[in-house]
1. Using 7 Å Cα-to-Cβ label points, what is the residue B:233/residue A:625 separation (nm, one decimal)?
2. Could you let me know the centre-to-centre spacing of region B:485-509 and region B:366-419, using Cα atoms, in angstrom?
3. Averaged across the residues of B:320-330, what count of C-beta atoms belonging to other chains lies within 10 Å of each residue's C-beta?
4. How big is the B-A contact in terms of buried accessible area, both chains counted, 1.4 Å probe, rounded to the nearest 100 Å²?
5. Using a 1.4 Å probe on the heavy atoms of the protein chains only, list every residue of region B:214-245 that has 20 Å² or more less accessible area in the complete assembly than in its chain alone.
6. Radius of gyration and Dmax for the protein assembly as shown's Cα atoms, expressed in Å?
7. Based only on the alpha carbon positions, what is the Kirkwood hydrodynamic radius of region A:308-353, in angstrom?
8. Residues with amide H under 5 Å of residue A:584's amide H, sequence separation 5 or more or different chain, H placed in the peptide plane at 1.01 Å from N; which?
2 protein chains.
Amino acid sequence: MVAGPVRPTPGTTALQPVAPGAARITGGYWADRQRANRENAIPTGRERLESAGNLTNLRIAAGTAPEGAQVTGPIFMDSDVHKWLEAAAWEHGREPSEQLLGWIRELTAEVAAAQAEDGYLDSVVQVQDGSLGKRGRYADLPWSHEMYCAGHLFQAAVAVSRATGERGLLDVAVKLADHLDATFGDGEGQLRDVDGHPVVEMGLVELFRETGERRYLELARWMVEARGTGIIEGHGKEPTYFSDRVRVREATTVEGHAVRAVYLTAGAADVAAETGDAELLAALERQFAHMWATKTYITGGLGSRWDWEAFGDPYELPSDRAYAETCAAIGGIQWAWRMLLSTGDARYADAAERMLHNGFPAGVSLSGDEYFYVNPLQFRDGSHPFENRSPAHGRRGWFDCACCPPNIMRTLSSLDGHLATTGAVDGTEGVQLHLFAPSSLTAQVEGVGPVRLAVETGYPWDGGVRVQVEEVGQGEPVDGAQWTLSVRVPAWAAGATARVGDQQLQPQPGTYLRVTRAWAAGDVLQLDLPLDVRLSRADRRVDDARGAVALERGPLVYALEQVDQPEGVLVDDVVVDAGAPVGVERRDDLLGGVVVLHPRGRSAGHEGGGATWLPAAEPEPAPGSDVELTAVPYAVWANRGVGPMRVWLPVR
Amino acid sequence: MVAGPVRPTPGTTALQPVAPGAARITGGYWADRQRANRENAIPTGRERLESAGNLTNLRIAAGTAPEGAQVTGPIFMDSDVHKWLEAAAWEHGREPSEQLLGWIRELTAEVAAAQAEDGYLDSVVQVQDGSLGKRGRYADLPWSHEMYCAGHLFQAAVAVSRATGERGLLDVAVKLADHLDATFGDGEGQLRDVDGHPVVEMGLVELFRETGERRYLELARWMVEARGTGIIEGHGKEPTYFSDRVRVREATTVEGHAVRAVYLTAGAADVAAETGDAELLAALERQFAHMWATKTYITGGLGSRWDWEAFGDPYELPSDRAYAETCAAIGGIQWAWRMLLSTGDARYADAAERMLHNGFPAGVSLSGDEYFYVNPLQFRDGSHPFENRSPAHGRRGWFDCACCPPNIMRTLSSLDGHLATTGAVDGTEGVQLHLFAPSSLTAQVEGVGPVRLAVETGYPWDGGVRVQVEEVGQGEPVDGAQWTLSVRVPAWAAGATARVGDQQLQPQPGTYLRVTRAWAAGDVLQLDLPLDVRLSRADRRVDDARGAVALERGPLVYALEQVDQPEGVLVDDVVVDAGAPVGVERRDDLLGGVVVLHPRGRSAGHEGGGATWLPAAEPEPAPGSDVELTAVPYAVWANRGVGPMRVWLPVR
């Protein structure tokens, strides 16, 4: 396989991903998630595209739908098809499947048939009757998502091309990209407008990387530069919502609709890399740092507000009202991954891990085919029953606005591509390991040739990571050719130890442990990350986490779910004892096999006194009897129905 | 004057209000508010009814509108006219005005002209073209607000009748009430349905009290009893929203849409009183207590959720997301007042005071004519800019959904009626003072005759309350006739002292100080309420108030507004020193004359470290330099523009 979702032009980034296929998750936690994705989510998703009407829309546009068929769904229905195609393609790349390939070919044909003669493609706009928005092509770009659909098509086409070698969808993508390139820009007779919802920027850059057609990169660059100039007009909303208040290279933070914001910055990172734009990259580093310091949930969730699905102010991170859309976590991972590639800075890998292990997987059931759109850090029985995206309605098999499910699918099916990179960030060529999972990988190290590694680990439940060099230079010993094996040491891993043979190493948390030597087959690098339970607190300005702690262990954030607590103990009444040791228990029988935590706490009855407020000098009433509580990883909450849950646990 | 907004049938309640007019606020804080209401709000409101189209709607229904006039606004537009009429009537009752009387007559004529031959009245439904809801009378009662409008009409008609002696609007009300009585009920051919939005219950009971027509009381009783039986069908929402999940007499808490919920319970309190229904009253006591203990903001604000304007779960009281609609505070006051009348229990007067001095007045500018719909306890610059009811848009002169402004007007213009009651709760007839303001009042004490009192006080800025008996028995000494003068001692007033002449009394906070004697002209009861600054905390389950205090002084809750803080000190970065004395300063130049508070605190820069979360064992960084902060009463916030504000102040 040539590449995964992101293949920077050589020399434009510090690191180059090891392609999925060359890097392969072979077991453990993520393999279980990927199996559910392959066996349940993707086949079910195929059916949903039929039953929800996405394919009918395409057929109406193609003229092949039965008489009387109606266009349905939101205006961006096509994008669900594209994302599903991308997921299926990566999954076929992981392990070829006639069924997947058949489906890919079928859906490629459906998409191709719907495309207009001149390359335009958006089935809803093509066939709409006026009821779904303003009529006509590009008449309402702030809301029409026409380029958003195109962006997802480009990503899907690249995936199909890279994973199957078949060009059918790529031809459709090229035709559409050429149409966009001809239509938009500053030239005579061109439209000067951008889509209200970014993603096409990432799609165009990757299409450039796949086809070599530089016009696509230039168009993406033009779109990134146009943003923030007030280009989006007549939309009836604040420019902030569309990330159109300030230019990307001048912005100091992320704001507005969270998914739009991080898709834009991720695309801008691609543009910065390919155009060698150091100023733009620095601006993105600044924005990422501000997001991480002030606008990110401890779960890695992004977007505080239900209102317009938006980032909030700094430290505005309410737990129960958290929006933290699953797609925002995915966009955050995509952005972090691109920043890591460009900079080689471990902080981005740490950030990606936090999102990947917490905010992201909470959005999908262990069975793979039931989803959350919104991922709060606290749930009450009565939370938001009127909002149809609320977890109050339980995990759902699909949504009217179904952006999240196929987004999850493509993320899981391309996850292997996040295991490792090659590059020479410290001057010596080598391999960098970012994501810990039982895996095998073959990387091309410059001056050395192919290097094959096998990783054994029980991560995230166990902190031992054993990296064995299986082969260097295709079985031919490469005399004296030194190269560097780098392994990420997460910032939380204080006390980590490592060794190669008898040699003790000094891993520094928050960096890569870099070991340069003439690695030979059979050599083993052993990294041991201490998985002590960590009690974390938020910045005091995070209002509803004040006076509370969160439990973390390794990369995982934990949560109390009502179902696990002793009889009569309500999670919202609990006070935990921050001084007491927290029990750790492996539970193979629970939630697919997890480590649960047992903090000590106290619990009183649920009813209060005569008033909600009391003199500050009057001590809180004793919070009742001592109890042992049980916390499970936030990533797997709501797999036994939805009940009261909380991440931040009061300590007094 | 015969009575104010609530005139229980003698013998049905423990207390009987002293009518506004007989009770009169003569100066001070509330007199300033009432002046702004009379001079700015009510005349401006009269214009708004014209410009917003409310009167045009009535004219279209009457057939007197110009050709081509269009019906506008939400379906309950008539209710704004009715509430304005009620406000104007009480205001005319306070101090007769030819202009007010002229307007009342004009608008009465407009309303009367719109009424259908058979008594039906709802201009929007009468003329609607189908675009504003289902077509036709009572076709969509969950949403149509037809009886809601009727309820406000009944209250207005009673006000006009009591305050002006003119019957015009009462005739319209009686005709409509008779129509409702004929149309709804369990009888043959009658509709078994209720309005989605209560208020008609209160209106019908008061119309019964004014006219003596018992059918109106029976209809109100029927409506209260029907609630919670699933009577509201086909509405597409949870029954909770409409207070239709459980019967009023079986409910244990308030839930759903906050204004609907408290209007219903207030109406149920009227029904319970007039029908002597002790079980229903007990149910309402239980619900009020649960609301007060778990679902009320420290400001007295009601309703935690923007989503469907609803009460939240117990202790779900977010500060920045607080909805706390101004109308909910008003409904809360109406409910508390009725509970006080029925029980004589001081807790209801205390509750009414908290709402009246905080959550309610925050909803209107000191100028009287600019409003807040929503009253959060924390405001950030970026809060909810997309929500048109958000304070982010500043105080507004009117709203598309303009329920709050005329509701505020009628509350202020009938406020005098909340000063005092008569009754014999402890066996001796007497007068009870509930609301402290410079005032004069004349009450009829059974067995004694008229009693005239003058109250002097600087409340809420000063805690001294001087009650002088001016006259007893119309100048004729009533030999040996003992009666009881009762004065409320708020629950917060620990250390209160009182005396009559040389006699020291022992006031107990949270009760009435009752002094039974043969009061004579010239006797003075002096009550001194200590206005020490109080630091209050919330129940630990109120998440975003944990680790924080609120400042209170007397009946007032205080808030930090950004505009008052030292250069460079942001309210969201501040930590207050709960151990330091809080300075108290009288500022006659500020906000119409207020007492401001000066807590000591510390403030650091706004930017955080590298992450929002940190190890719990790592102490918070020192929060910067010592600063003197300034807090103003929450009641007057946002009178100098809208900027960052918060009530709950972190203490560590």
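1. Label-label distance for residue B:233 and residue A:625, simple model: 4.8 nm.
2. 35 Å
3. Rounded to a whole number, the mean comes out at 1.
4. 6000 Å²
5. B:238
6. Taking only Cα atoms of the protein assembly as shown, I get Rg and Dmax of 34.4, 123 Å.
7. 11.9 Å
8. A:598
The values are calculated or read from the model by the stated rules, or taken from the named source; none is laboratory data. What you see is a predicted model; the values in this text were computed from it and never measured. A quick note on method: Cβ atoms are made from the backbone with ideal geometry, for glycine too, and the neighbour counts reach across all protein chains shown. SASA here: full protein model, heavy atoms, side chains in, ligands and nucleic acids out. Shrake-Rupley method; radii C 1.70, N 1.55, O 1.52, S 1.80 Å.
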